[in-house]
Amino acid sequence: MKIYTRTGDGGLTSLYRGGRVPKCSHRLEAYGTLDELNSVLGQAIANLSGDADWLKAVVIELRRIQKELFNLGAQLATLGEEKPAWHVVAEDISKLEESIDAMDQILPPMMVFILPGGHLAGATLHVARTVARRAERAMVAVNREGAIDPLLLTYINRLSDYLFVVARYVNHQYGTPEPPLNQA
């Protein structure tokens, strides 16, 4: 299979199950940002090193989230209300919430604002969080043009919360916390 098709050279691209849209559409911006987020998560995984059980669990979870982002993108790339074979379900959101709660039990309480940073993997997860927030903004724009499944907006919102907590968790586990905002 060739990687290039030449069908997008005029500024349009095909959606899953038919339809063509301009490459500058909000829909494409949204699932393109999800693709970027997926890549940043891959970079975060590449920056995780060691063989501790907590680390293996984080990698497994991040790989699951990468697949869920692919599913979310497939839904955004499908016009109408029909869901593609791959789609986000309520259980995906529940898993994120359960993970947030479990990590919060281990983390010290946040008493001040923190600056993104810490261990390279933790800092990369902070970048992922900001990309998730941008994806959410793009998805809200798509939703204003035509309703999308509300589960998608809930998922991406919860994912950015998860990414904030997992960044703190990774930094905590590596012993390299983020600097507090009020530190000179």
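Overview of results
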{"quantity": "Residue among LEU72, ILE106, GLY117 farthest towards the positive dipole end of the range 54-120, charges placed on Cβ", "calculated": "GLY117"}
{"quantity": "Shape metrics for the range 36-88, restricted to C-alpha atoms - Rg then Dmax, Å", "calculated": "13.9, 45"}
{"quantity": "Sequence of ILE156, ILE148, ILE106 when ordered by accessible area, the most exposed leading, probe 1.4 angstrom", "calculated": "ILE106, ILE148, ILE156"}
{"quantity": "Within-12-Å neighbourhood charge of ASP101 [Cβ basis; K, R +1; D, E -1]", "calculated": "-2"}
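The values are calculated or read from the model by the stated rules, or taken from the named source; none is laboratory data. Here the structure is a predicted model, which means the values were calculated and not measured. Note: ideal-geometry Cβ built from the backbone for every residue, glycine included; neighbour counts use all protein chains shown. The protein model used for the area step is the full one, side chains on, heavy atoms only, and it has no ligands, DNA or RNA in it. Shrake-Rupley method; radii C 1.70, N 1.55, O 1.52, S 1.80 Å.
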